[in-house]
Structures are given as structure tokens and as C-alpha cells.
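Have a look at the structure below before the remarks.
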Amino acid sequence: MDARVLAIVPAYNEQDSIVSTVDDLLANAPDIDYVIVNDGSKDNTERVCCEQGYNYISLPVNLGLAGGFRTGMRYAYSHGYDYAVQFDADGQHSAAFIRPLIDKAIEDDADVVVGSRFCTQKKPITPRMAGSVLISTMIRLTTGAKLTDPTSGMRLFNKKMIELFANENDFSPEPDTIAHLARGGAKISEIQVEMRERMAGESYLNLSRSITYMLRVCISILFIQWFRKKV
């Protein structure tokens, strides 16, 4: 592979899954680099990374997904990577799909490629998926971009996007930022991927938090995004 690619792995309290996550990257994407961003974990995530000899950055306090991912993007930018992949530390993402994400970015000359669970499969009928449909609709109405899985956390960004995320403090790896990028002319593509259940620990997003999250994202897409700095 000619392009230099970095997998950014934000990790908060992922001591029980980080080893299997890195093993997956080494086995199924051996030609890309990775950096773990230990986001102020309170468990032994940092200790595991140190003992295993992983490439990692430890933040002294928890900054949340946005801050942890931005740290990884700054690392990618300072080290001159051509692409960066957002990759979960909890085992839900499969490194086997990283190469197809890169191929799609090259084929479409895309700025962002989203790993979608629903390009070729129907969404299940659940409250959470109803929220995903709502966000997809908001993005389509405001940008014209058709995204089947806007809340997917597996995304590939090209060099231009790496620079933006590294230098803009209000850019987060969330659907409203993807909508903002699309509105500014960024080309967003999708490919079908498969995702697994979380290997260990518990997701932050329970039902009530999921509803709050969906509402916040929709309000941001419909209103706040119009006042953000143009890209």
C-alpha cells in the first residue's frame, strides 16, 4: 500500500478489549499503523498498553470521544498520514474492512468514507434505528447527501479532513460534523461493513442517553451547523 494510513483507537476504560482490538488490527490490517488514545481511563487500559508495548498516547483527564479523536487526528497530521480511520476499542469494528474503506476512498476520490451496516441490509425496527433514520433524513434535507448509517463510528478520512480535524476545535466525529462537511462540499461515500457486539464493558449510550443524543444531533444539523465556520 502506497498511502500511509493510521487507525485512531480512542479508548476509555477498555482494559478487557484493547488487546483483542490490537490483535485484530495486526492480523487483518498489518500494513497500516495505529495509535491508541487512552482518554483518561480509570481502569488499567494504560497499564495494558504499556505492558504490551503498544503505540499509545495517554491523556491526563477524560476529554470524551471528540477530544480523544482530535488528539489522534493531530498525531496523524503531525506524522503526515494520507488517511486516518476511526476505529473503536471495544471490538465492534473489524479491521478486515479497513482496506475496502481505503479502496472506496481512492475509487470515489472521497473525503470521508463511512462504514455502513445498512448499504445492502435493512435497518431493524428499534427505537435507536428510528433515531438513525431521523438523522439520515435531516442530513438528506439539509445537504442532499444520502447516508444509510450516519451514526456509524467506523469512518475513513483523507488528508484534507485530517488537517481540518487537527486544527478545528469544534470538529467532532459525530453525524452533525459529517453533515457540516457535506454542506461545505466534502464528498462522503459509504461501503457495507459488518459490526460485532461489544466484547466487554458497557456502552455509554443507554436508551435515555440515546434519545438525548439523537435530539441533540438533529437540532445541531437543522440549526447550529449553519453558524459554524465554512469548510
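The values are calculated or read from the model by the stated rules, or taken from the named source; none is laboratory data. Treat the numbers as computed from the prediction; the structure is a model and nothing was measured. Because the Cβ atoms are built from the backbone with ideal geometry, glycine has one as well, and the counts that use them run over all protein chains shown. All accessible areas refer to the heavy atoms of the entire protein, side chains included, with ligands and DNA or RNA removed. Shrake-Rupley method; radii C 1.70, N 1.55, O 1.52, S 1.80 Å.
Taking the criterion of being in contact with a helix residue (DSSP H, G or I) (Cβ under 8 Å, 6 or more places away or on another chain), within 19 Å of ILE36 (Cα to Cα) and of a type outside the set (S, T, N, Q), the residues of region 94-139 that qualify are ALA95, ALA96, ILE98. Contact map, region 79-93: first residue free of Cβ contacts under 8 Å to residues at least 60 places away in the same chain, second residue of a type in the set (Ser, Thr, Tyr), Cβ cut-off under 6 Å, separation 6 or more or different chains; the map is empty. Only residues that are open to solvent by less than 20 Å² (accessible area, probe 1.4 Å) and in a loop (DSSP other than H, G, I, E, B) were counted across region 81-124, and they come to 8. If you filter region 125-149 down to residues that are assigned to a loop (DSSP other than H, G, I, E, B) and of a type in the set (S, T, N, Q), you find that the one that is farthest from the chain's Cα centre (by Cα) is THR126. For LEU181, the conditions (1) open to solvent by less than 70 Å² (accessible area, probe 1.4 Å); (2) more than 30 Å from HIS79 (Cβ to Cβ); (3) in a helix (DSSP H, G or I); (4) at pLDDT 90 or above are fulfilled apart from (2). One residue alone among SER189, SER152, SER172 is part of a strand (DSSP E or B) and either under 18 Å from the mean Cα position of the chain (by Cα) or crowded, with 17+ Cβ neighbours inside 10 Å (or both), and that residue is SER189.
At least 3 residues that are modelled with pLDDT of 95 or more and open to solvent by less than 30 Å² (accessible area, probe 1.4 Å) in each: list the strands (runs of 3 or more DSSP E) lying fully within region 1-80 that qualify.
Fully inside region 1-80 and qualifying: 5-11, 33-39.
Among the criteria (1) open to solvent by 70 Å² or more (accessible area, probe 1.4 Å); (2) at pLDDT 75 or above, the one MET199 does not fulfil is (2).
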